[in-house]
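Since the structure comes first, as structure tokens, the remarks are kept for the end.
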Amino acid sequence: MDSPPHTAFHGPTFVRLLARLTDDTLPQGGPAPAERLAQWIDWTRAVVLSKVLDAKAPEAEQGAQVVDRDDADVCAKARATLLSAIADAPELAIPQPQAVASPDETDAAAPAIDFAPFRQRHLTLQRSMQAATGRLRGDLRDRLAQRSADMARLAEVDAVMEGALSPREHSLLGAVPALLEAHFERLRAAAGDAATDPSAAWLDGFRRDMQGVLIAELDVRFQPVEALLAALRTH
């Protein structure tokens, strides 16, 4: 009997990609965003956030030197650099067709294709994304704090939210390499005799899948940056 088709899931691209790679069916309902936040923020962080929200809006920073720059262009260049790093990762490059091997080369045992290089590349790119988006987020908060009292409060709220949600984000995104490894192993097991061929279709497909997941993760990490940019555009 055929397995019942998965229910279509209309969540964020990043989540949908991971669901497809892990062959999981994701629930359509679930807690509301406010309820999820309540589960992720411990009481000490909640108290800090409450104080920021209840406090009088801080005055905008006076006398601070405001650097004249195009914030959107700065963020776009940082994003383009990260996209280039993903696109140029040697582990994700599709190898060129090789010349026909000699009989001696054919008889030699083909080296095993291992996930370890992919894991290391993924972790390296994750660290680059985290560092770049964290730096941009801090810079944009500083820019907001110089605009007005309301924008200064928004910057404080964002700083508290980043501190509160970063551990949860780090934990969830840190699990992605393991999900990719499981996907890699399933594809390799199904490849049979082609499991050791570095130019095999299954491995090319995995490279595309991993690249798609990395790009989707980059989109997720840039969401707070884009929100701060949108706030700057209003002032």
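The values are calculated or read from the model by the stated rules, or taken from the named source; none is laboratory data. Computed from a predicted structure; not experimentally measured. Here Cβ is always computed from backbone atoms with ideal geometry, including for glycine, and neighbour counts include all displayed protein chains.
Summary table
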| item | result |
| --- | --- |
| Test: residue in the range 215-228 that is farther than 18 Å from P12 by Cβ and modelled with pLDDT of 90 or more | yes |
| Tally, over the range 197-235, of residues that are over 12 Å from the mean Cα position of the chain (by Cα), surrounded by 16 or more Cβ atoms within 10 Å (Cβ to Cβ), of a type in the set (G, A, S) and assigned to a helix (DSSP H, G or I) | 1 |
| Selection count where residues are free of Cβ contacts under 8 Å to residues at least 12 places away in the same chain and in contact with a Lys or Arg (Cβ under 9 Å, 6 or more places away or on another chain), scope the range 153-177 | 1 |
| Residue match in the range 163-173 (condition: among the hydrophobic types (A, V, I, L, M, F, W, C), modelled with pLDDT under 90 and closer than 30 Å to R69 by Cβ) | yes |
